Every structure is written in structure tokens, then in C-alpha cells.
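Trainee: One structure coming up, written as C-alpha cells, with questions to follow.
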């Protein structure tokens, strides 16, 4: 989603400072927003780009802010865009660190709830992994 947020920041900048000053009325607003939103919808329909598309669609609407009264404040826009991109980067790094897939050959009983963080510290027959398994509950 961080890549989609970065794309939404660039496209939101084009929409707010390139398209919005030149339009008047709801019909032109719809026509001006359609190409930007179609790009996001296109990305969400492709499995490889779905995460980017979701981030783009959600945060483009937040950044472009098609309100009744549009604010033309570049410093506020850039501040919001940078904050969103950095927050998405931090959350994706944190999520990637917390939710790793187990390595090949790990016991199925290995989980953070049984105290084993990775299978490099405990082997397949480790008591910590067995403790969380069905075999340990039967004993």
C-alpha cells in the first residue's frame, strides 16, 4: 500500500493543482476525477497490483479532497502526503517483521504462543513446539 500511497500523492498533486482550478461544476468534477480513479480501479483488478491499487484508491480521495471548497495550500498537501507515505512504509515494515511465514521443515506446532519465535532456535522435535501441539495436550 505504500507504493499506492506514493502514486496517490503524485496524482493528487496533479489533480488538485492541475485539474481543480480549471473546472466549474459537478459534471466537470466527475470528468476530471474519472481518469485518476480509473487508474486505481485498474490496479485493483490486477492481482499483482491489488495492494497498490487499494492504497491508491483510498488515499487519492483523501489527498485530492474533492470538497465543496477546495484548499489550495501546497505546504499542507505535501505535509499530508509525506505523512501518509511514511506511515504506510512504517506499517508495512512492522507488518513484515511480525508476520513472517515459517521456514520449510518447521514443525506445525511452532507458534509465537508456545514461546518459539523462529525454527532456527528450536528444532522440529523441540519441547517448546511440542508443548503447543495436540500431542502435548493428550499427555
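Trainee: Enumerate the residues in segment 1-39 having an amide nitrogen under 11 Å from the point lying 7 Å beyond the Cα of residue 96 toward its Cβ.
Mentor: What the label zone holds, given the 11 Å backbone N cut-off, is 1-3.
Trainee: Using the number of other C-beta atoms within 10 angstrom as an exposure proxy, rank 17, 56 with the fewest first.
Mentor: Ordered by Cβ neighbours within 10 Å, fewest first: 17, 56.
Trainee: Provide 73, 80 in ascending order of the number of other Cβ atoms located within 10 Å of each residue's Cβ, fewest first.
Mentor: 73, 80
Trainee: Here's another thing I want to ask about it. 7 Å from Cα along Cα→Cβ at both residue 78 and residue 34: what's the point-to-point distance in nm?
Mentor: Inter-label distance under the simple model: 3.3 nm.
Trainee: Eigenvalues of the Cα gyration tensor times 5, then square-rooted: what semi-axes does that give for segment 1-64, in whole angstrom, largest first?
Mentor: Sorted largest first and rounded, they come to 22, 12, 7 Å.
Computed from the coordinates by the stated procedures, all read-outs in this text should not be read as laboratory data. Nothing here was measured: the structure is a model prediction, and the numbers come from that model. FYI the Cβ positions are ideal-geometry reconstructions off the backbone, even for glycines, and counts take in every protein chain you see.
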